[in-house]
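The structure appears right after this line, and notes come after that.
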Amino acid sequence: PKPWPTIIAVSAFVVLMGMGTWQVQRLLWKGDLIAHREAQLAEPAMPLGDDLSVIDGDFAFRRVSVSGDFLHDNEIFLAASHNRIIGFKVITPLRRADGSVVLVDRGFVPSAARPTWLRGEGQVTGMVTIEGVVRASPRRGPFTPDNDLEKNYWFWFDYAAMAAYAGVEAPPFVVEAGPAENPGGLPIGRELQVELRNEHLSYAITWYCLALALVVI
């Protein structure tokens, strides 16, 4: 074998094996994460206490319950889809009895149902109790557009900006409401389940097979 093709082949083999091993590590990490979230969902709902500052990323997917009055005039609309229908998630501040406020993701509404007067039954008043899960780790993708505050059109969870837009002080997390039906059918809550893709095994096999093919060549 000539030296340069050999050097290139050996270097590529090392890279491919490294990529495969990295995917194995990702597979183990993702498996632990899924198991942790499933364990969180299996726990009974925990009422949110007075100190909301303790709610952080460790509470992700923790089943909780919270009671208060919805501030429907301060709704926030986050772009979303449901069953291939384009629409919004309705994020509504919930004022608790002690005056503190929590952001609640009430669920999905189609674009045509964005005006509140079209879903008046769902604008419940008075004390309500919401059961759902904590989401405390917003992620913005590299191609996610900026939130449009002028049009109240949001593309990702920016908790601080959302609270400021709604004119409230709220901790940096949202309670995602479960599937309990709202009056009038809107908003549509989500099933409380873990929806994490775990395809790292197939990725690892692909990289290792490429390394094996390189050895054969």
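So the values come out like this:
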| quantity | calculated |
| --- | --- |
| Matching residues in segment 180-195 - criterion: being over 18 Å from PHE70 (Cβ atoms) and free of Cβ contacts under 8 Å to residues at least 60 places away in the same chain | GLU191, GLU195 |
| Condition check for GLY68: surrounded by 18 or more Cβ atoms within 10 Å (Cβ to Cβ), more than 12 Å from VAL174 (Cα to Cα) and more than 17 Å from the chain's Cα centre (by Cα) | yes |
| Options GLN40, GLN25: the member that is of a type outside the set (Lys, Arg), in contact with a helix residue (DSSP H, G or I) (Cβ under 9 Å, 6 or more places away or on another chain) and at pLDDT 90 or above | GLN25 |
| Answer from PHE157, PHE143 - the residue that is open to solvent by less than 50 Å² (accessible area, probe 1.4 Å), in a loop (DSSP other than H, G, I, E, B) and modelled with pLDDT under 90 | PHE157 |
| Sole residue being open to solvent by less than 60 Å² (accessible area, probe 1.4 Å), part of a loop (DSSP other than H, G, I, E, B) and in contact (Cβ under 8 Å) with a residue 12 or more places away in the chain, chosen from GLY132, GLY126 | GLY126 |
| Pair list, Cβ under 7 Å, 6 or more apart: segment 89-115 residue closer than 16 Å to VAL128 by Cβ, other residue of a type in the set (Lys, Arg) and not in a helix (DSSP H, G or I) | VAL90/ARG106; THR92/ARG106; VAL101/ARG95; VAL102/ARG96; ASP105/LYS89; GLY107/LYS89; GLY107/ARG190 |
| Per-region count, segment 58-78, residues of a type in the set (Phe, Trp, Tyr), in a strand (DSSP E or B) and more than 17 Å from VAL101 (Cβ to Cβ) | 1 |
| Residue within segment 48-56 that is without any contact (Cβ under 8 Å) to a residue 24 or more places away in the chain and not in a helix (DSSP H, G or I) present | yes |
| Selected residue (criterion: farthest from ASN83 (Cα to Cα)) from residues of segment 172-187 that are within 16 Å of the chain's Cα centre (by Cα) and either of a type in the set (S, T, N, Q) or surrounded by 16 or more Cβ atoms within 10 Å (Cβ to Cβ) (or both) | PRO172 |
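The values are calculated or read from the model by the stated rules, or taken from the named source; none is laboratory data. All of these numbers come straight from a predicted model, not from anything done at the bench. Here Cβ is always computed from backbone atoms with ideal geometry, including for glycine, and neighbour counts include all displayed protein chains. Heavy atoms of the whole protein, side chains included, go into the accessibility calculation; ligands, DNA and RNA do not. Shrake-Rupley method; radii C 1.70, N 1.55, O 1.52, S 1.80 Å.
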